[in-house]
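Novice: Right, I'll just put the structure down here and ask away after.
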Amino acid sequence: MLLVAERMEGMGTVGPKGRIKKHELVRIIIQCLHSLGYSKAATCLESESCISCKSAEFELIESQILNASWDDCIKSLQQINDVTDETRASASFLVLKQCLLECLNSGDISMALEVLQKQLASLRIGREKAHKLSYELVTLKALGLCCIDCDPVNESRKGLLLQLEKVLPPPITLPERRLESLVESAVSAQIDGCMYHSSPDMISLYRDHHCNRDQFPTESIQILTNHQNEVWFVQFSNNGEYLASSSSDCTAIIWKVQDDNKVTLKHTLSSHKNPVSFVAWSPDDTMLLTCGNMEVLKLWDVETGTCKHTFGNDGFVVSSCAWFPDSKRLVCGSSDPKKGIYMWDCDGNEIKSWKGMRMPKVLDLAVTPNGENLISIFSEKEIRILNVATSGERVISEEHSITSLSISGDSRFLIVNLNSQEIHMWDVAGEWLKPLVYKGHMQKKYVIRSCFGGLNSMFIASGSEDSKVYIWNRRSCDPIEILSGHSMTVNCVSWNPRRHEMLASASDDNTIRIWRPSQSK
């Protein structure tokens, strides 16, 4: 064994920077070949390199277990170096547990009692754990479940070896699928370092990964001019086939995204008396909600463009609205504290409400795509996350006024725009103590809205008072793109959830711009 160890140490290092021990690399390659089903190739490599996938210590333990040499196996575990007492005890416990099972199976009750009273006691595993083991084994014996044949005994011993491989540390054993894990980590690191990553395709191992701007929305390829006044809101449908916009001209428009990525007018929705400040697509994209500024909430049929229902009355002040995933329930919030938040069905029947003297005004709200949480902006500086099922509530307080809210497609994150010229990203689960902060855009006076976008919601886009669109990779606080084209404040942006290379922006210059990758070579 000394000669083999000397040979392994003498193999040196490999790699361009000489940071990889050759014998370790060979060992995990052998493990990988076995896991991929190439056992003959693994055996050949072991023979040619004189390196075994299993360490000498583990091969000895394996032999002792398969031959039921329990005392020798315990001694071998005690002699292993660089192992904590806790790990050694855990491994010994597993071996003695197998020994007990086999003693009971063979009817050797005296040996079983000796193992329980002497050897297990020496491990200091705790009285409760020992009693539990005793009870389990006695119960198995009483039920006749310990009576197993020779082949199942061997399988049980192999199962023990698999357990020990997970308990004993490297280099005695190798972590499961170690080479695949290392390669996957390297691929993930390259993706994480790619500021423009937006491709759903598998990453090739043949070359270093790098996305450029070729598939990123950086050029305005279409300008929509049908609105007659400032455009305040814009949002793509969930399937990416439609776009909805709302304007201070008291209309909302449903647009169709064609197969060639051109956007064409489908319906103009014209029954609001006041400017339309907000729209929300039903999850199945068959209906659209529109909020009139200081006015009622309307439900529209997307296919026909007809109004199906009007919620509230002229005295009902709606600030925002959202859908639950079933497309049957909706909620709306009011900036009037007396109104609060209402949950309705599509026919206008009230399901639930949150209102009262202690209810602050609601500036914005959203339902996470998984339907678990209702998130609201209260009293300008509070984010309230309500678990719909449990009614548990968590409050996040910001120092500056919040103007808008947006949720990631996976329901894990939220972003809020602040009038301090920052965008803050929080996790919905509440594990973060501080938000991630994004800067660079301009926001002091107006309501500016941002959104998640791109593959796995890895990008954030926002409007700005300097007439530009700003885009960040979530991992960087500085923008990676600043898009120019609008002549006045950009109020809102929306990223197409299915066509990741498409972005829409709405501006006070009365236009909507559609952004796609640059067509110039």
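Novice: Criterion first (in contact (Cβ under 8 Å) with a residue 60 or more places away in the chain and touching a helix residue (DSSP H, G or I) at 6+ places or on another chain (Cβ under 7 Å)) does Glu165 satisfy it? Steps first, answer last, please.
Specialist: On the way: in contact (Cβ under 8 Å) with a residue 60 or more places away in the chain: yes; touching a helix residue (DSSP H, G or I) at 6+ places or on another chain (Cβ under 7 Å): no.
So Glu165 fails the test.
Novice: Does Arg384 fit the bill of being open to solvent by less than 70 Å² (accessible area, probe 1.4 Å) and touching a residue at least 60 places away in the same chain (Cβ under 8 Å)? Before you say what the answer is, go through the steps one by one.
Specialist: On the way: open to solvent by less than 70 Å² (accessible area, probe 1.4 Å): yes; touching a residue at least 60 places away in the same chain (Cβ under 8 Å): no.
So Arg384 does not fit the description; no.
Novice: Can you name the number of the only condition in (1) assigned to a loop (DSSP other than H, G, I, E, B); (2) over 30 Å from the mean Cα position of the chain (by Cα); (3) under 30 Å from Ser55 (Cα atoms) that Leu161 fails?
Specialist: Only one criterion in (1) assigned to a loop (DSSP other than H, G, I, E, B); (2) over 30 Å from the mean Cα position of the chain (by Cα); (3) under 30 Å from Ser55 (Cα atoms) is unmet by Leu161, namely (1).
Novice: From the list Asp259, Asp214, which one is acidic (Asp, Glu) and at pLDDT below 90? Reasoning before the result, please.
Specialist: Details: Asp259 fails: at pLDDT below 90.
Exactly one residue qualifies, and that residue is Asp214.
Novice: Taking the conditions exactly as written (in a helix (DSSP H, G or I) and either out of contact with any strand residue (DSSP E or B) (no Cβ under 9 Å at 6 or more places or on another chain) or modelled with pLDDT under 90 (or both)), does Cys53 satisfy them or not? Reasoning before the result, please.
Specialist: Numbers: in a helix (DSSP H, G or I): no; either out of contact with any strand residue (DSSP E or B) (no Cβ under 9 Å at 6 or more places or on another chain) or modelled with pLDDT under 90 (or both): yes.
Here the answer is no, as Cys53 does not meet what is asked.
Novice: How many residues, within segment 490-521, are of a type in the set (Val, Ile, Thr), closer than 24 Å to Ile407 by Cβ and out of contact with any Gly (no Cβ under 7 Å at 6 or more places or on another chain)?
Specialist: Narrowing segment 490-521 to residues of a type in the set (Val, Ile, Thr): 490, 493, 511-512, 514.
Next, from what is left, pick out any that are closer than 24 Å to Ile407 by Cβ: 490, 493, 512, 514.
Those still in the list that are out of contact with any Gly (no Cβ under 7 Å at 6 or more places or on another chain) too: 512, 514.
Summing the residues that are of a type in the set (Val, Ile, Thr), closer than 24 Å to Ile407 by Cβ and out of contact with any Gly (no Cβ under 7 Å at 6 or more places or on another chain) in segment 490-521 gives 2.
Novice: Return the residues of segment 192-224 that are among the hydrophobic types (A, V, I, L, M, F, W, C), surrounded by fewer than 16 Cβ atoms within 10 Å (Cβ to Cβ) and closer than 25 Å to Ser507 by Cβ; say none if nothing qualifies.
Specialist: The one that is among the hydrophobic types (A, V, I, L, M, F, W, C), surrounded by fewer than 16 Cβ atoms within 10 Å (Cβ to Cβ) and closer than 25 Å to Ser507 by Cβ: Ile223.
Novice: Next question. Quick check on segment 419-440. Is at least one of its residues among the aliphatic types (A, V, I, L, M), in a strand (DSSP E or B) and open to solvent by less than 40 Å² (accessible area, probe 1.4 Å)?
Specialist: Quick first cut of segment 419-440, residues among the aliphatic types (A, V, I, L, M) only: 423, 425, 428-429, 433, 436-437.
Remaining after also requiring in a strand (DSSP E or B): 423, 425, 436-437.
Within this subset, residues satisfying the condition of being open to solvent by less than 40 Å² (accessible area, probe 1.4 Å) are 423, 425.
Taking every residue of segment 419-440 in turn, at least one turns out to be among the aliphatic types (A, V, I, L, M), in a strand (DSSP E or B) and open to solvent by less than 40 Å² (accessible area, probe 1.4 Å).
The values are calculated or read from the model by the stated rules, or taken from the named source; none is laboratory data. Quick caveat, the model's predicted, so the values are computed rather than measured. Counting neighbours? That spans all protein chains shown, and the Cβs are built from the backbone with ideal geometry, glycine included. The accessibility values were calculated without ligands, DNA or RNA, using every heavy atom of the protein model including side chains. Shrake-Rupley method; radii C 1.70, N 1.55, O 1.52, S 1.80 Å.
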